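Down below is the structure, laid out as structure tokens.
The values are calculated or read from the model by the stated rules, or taken from the named source; none is laboratory data. Since the structure is predicted, the reported quantities are computational estimates derived from the model, not experimental observations. Every residue, glycine as well, gets a Cβ built from its backbone with ideal geometry; the counts of neighbours run over all protein chains shown. SASA here: full protein model, heavy atoms, side chains in, ligands and nucleic acids out. Shrake-Rupley method; radii C 1.70, N 1.55, O 1.52, S 1.80 Å.
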Amino acid sequence: MDTGILILRLLVGLLVAGHGVQKVSRHLGGRGLDGGTAEFRADGFRGGALTALAAGGGQIGSGLLLAAGLLTPLAATGTVGVMTVALTVKWRHGLWVQNDGYEYPLVLIGTAAALAATGPGAWSLDAALGLTPYPLWWAAVALVAGLGSGLLTRLVLHRPDPAPAPDPAPASAPQPAPPAAGGR
């Protein structure tokens, strides 16, 4: 079981961290901080470069912690948080990824929550430092705090869609001319 948990931690942690690297640099196919900023603005978020740096830094940090199996509940909380924001962006497209849906963020949220519940396994920094096993309630804390932070981020930083411009009032029908004064 420890081998499977190690593989899962490495895969998910490094993917999440790599996704963060793309937000803030040109490495791994990223478009640099300007590209990350433009992505957030296009998705309706405020904050510009600071938002991209916070999201990218959160993904890099939580992903590397998850991959290393270090402070696993905290790593899971961060992963759930950033992926919850991603899920809210994709929500309007439905579940499936081929329609730009939220399937992939949902899988990462579920995986991070599962790793918080199972623990990082024997081949982890948590185990080497004697921090494991974590009590099972840490998984619930990680899931609730991650979902809450992601939803709060969405609430605070996302601009509502602008209201559509009202249709101009239809031109009224021409009014009849008033009768001429003094005429019959």
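Among the residues of region 65-74, is there at least one that is part of a helix (DSSP H, G or I) and under 16 Å from the mean Cα position of the chain (by Cα)? No, that holds for no residue. For beta carbons closer than 6 Å, sequence separation of 6+ or different chains, a first residue in region 46-72 that is touching a residue at least 12 places away in the same chain (Cβ under 8 Å) and open to solvent by less than 10 Å² (accessible area, probe 1.4 Å) and a second that is assigned to a helix (DSSP H, G or I) and among the acidic types (Asp, Glu), the qualifying pairs are 69/126; 72/126. Scanning for something touching a residue at least 60 places away in the same chain (Cβ under 8 Å) and in contact with a helix residue (DSSP H, G or I) (Cβ under 7 Å, 6 or more places away or on another chain), does region 103-111 turn up at least one residue? Yes, there is a match, as at least one residue in region 103-111 is touching a residue at least 60 places away in the same chain (Cβ under 8 Å) and in contact with a helix residue (DSSP H, G or I) (Cβ under 7 Å, 6 or more places away or on another chain). Whenever a residue of region 1-24 is within 13 Å of residue 124 (Cα to Cα) and in a helix (DSSP H, G or I), its partners that are open to solvent by less than 40 Å² (accessible area, probe 1.4 Å) and among the hydrophobic types (A, V, I, L, M, F, W, C), lying with C-beta atoms within less than 7 angstrom and at least six residues away or across chains, give the pairs 8/115; 9/66; 9/67; 9/115; 10/67; 13/66; 13/67. Which residues, counting only those in region 119-133, are touching a residue at least 60 places away in the same chain (Cβ under 8 Å), in contact with a helix residue (DSSP H, G or I) (Cβ under 6 Å, 6 or more places away or on another chain) and crowded, with 18+ Cβ neighbours inside 10 Å? 120, 121, listed by residue number.
Going by what's in this entry, would residue 23 be described as at pLDDT below 95, within 17 Å of the chain's Cα centre (by Cα), basic (Lys, Arg) and open to solvent by 30 Å² or more (accessible area, probe 1.4 Å)? Here the answer is no, as residue 23 does not meet what is asked.
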